[in-house]
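The block underneath contains the structure these notes are about, expressed in structure tokens.
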Amino acid sequence: MKASKCYSLLLIILACSLQDQCLCGADPTDGFTPVPSTDENFDLQKPYDKPLSQRYYYSDGIRSLRVYDKDKPFKRGSGTGRYSTVVDDYSSGVWQFEGHAYVPKGTSAVTIVQIHGAAEGATTLQLRIYHGNMRYYSYNLVATDLYDKWFRVNVIHDVGKGKVIVFIDGEEKFVVNDQGPGDPYFKCGVCRTSYV
């Protein structure tokens with residue numbers, strides 16, 4: 001019998017909104033006001049047949065998430081097997097997701113951050129890990145060599161301009177147009193996806 005493969009991720013999460021309209025700081029969070037990460041602004045998802053305690057752990061500000069390749073989806077009838085958290089929704093302005101992530105070696109073909117909601121398709125952005133490298137969906141290379149170390153990921157979504165900017169460890173790595181207006185919200189965690 002083949003063993004089930006585990007995909008895991010450790011996250012420290014912060015959401016922010018821009019108060020003044022200047023994105024000119026040296027740090028991607030300059031000018032933003034933090035939105036506290038509380039249980040009220042998280043929607044935790046896990047395989048529908050498992051207790052939350054088997055896939056999610058929270059201790060000392062670190063959220064640990066785990067999904068196995070044979071896990072059921074988060075709800076009956078869904079075609080996706082995933083575990084994730086949903087952080088804050090928004091419809092206008094400039095918003096930012098910040099997370100500190102640790103992806104163990106061997107965790108591959110997983111989405112760790114998304115902007116869910118778009119006029120065209122289900123998502124505006126997906127940041128996926130494939131063999132230790134981060135990609136925009138399965139296409140553009142965003143960052144390399146991310147296994148077995150903490151890294152900081154910041155995603156800024158300027159809804160009015162239709163732009164998304166990705167920073168890794170404070171360095172701008174990727175800019176893309178969003179997928180049109182919708183009801184966006186940040187989604188993070190570990191979500192199985194297809195291989196490349």
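Where a number appears in this text, it was derived from the coordinates with a stated rule and is not lab data. Computed from a prediction, not measured in an experiment: that's the story for all the values here. Ideal geometry is used to build each Cβ from the backbone, glycine not excepted, and the neighbour counts take in all protein chains shown.
Computed values, structure above
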quantity: For the stretch 94-196: rounded, prolate or oblate by the Cα gyration tensor [a/c cutoff 1.5]; calculated: prolate
quantity: Full-extension gain in nm, N177 to Y58, via 0.36 nm per residue minus C-alpha separation; calculated: 39.5 nm
quantity: Per DSSP, loop GluC sites (Glu not before Pro) in the stretch 116-196 with at most 11 further Cβ within 10 Å; calculated: E120
quantity: Relative contact order (%) - criterion: Cα under 8 Å, at least six apart; region: the stretch 125-186; calculated: 21 percent
quantity: Backbone HN-Hα couplings from phi across the stretch 148-156 [Karplus 6.51/-1.76/1.60, Hz, Gly and Pro as x]; calculated: 6, 7, 6, 9, 9, 10, 10, 10, 9
quantity: Rounded FRET efficiency, nearest 0.05, which uses the C-beta distance separating K161 from K105 and R0 of 30 Å; calculated: 0.20
quantity: Order of R76, R152 under a 10 Å beta carbon neighbour criterion, fewest first; calculated: R76, R152
quantity: Ranked by how many other beta carbons lie within 10 Å on average, peptides 140-147, 110-117 from highest; calculated: 110-117, 140-147
quantity: Entries in K46/K173; K72/K187; K75/K105 that, when Cα-Cα distance is taken, lie over 23 Å; calculated: K46/K173; K75/K105
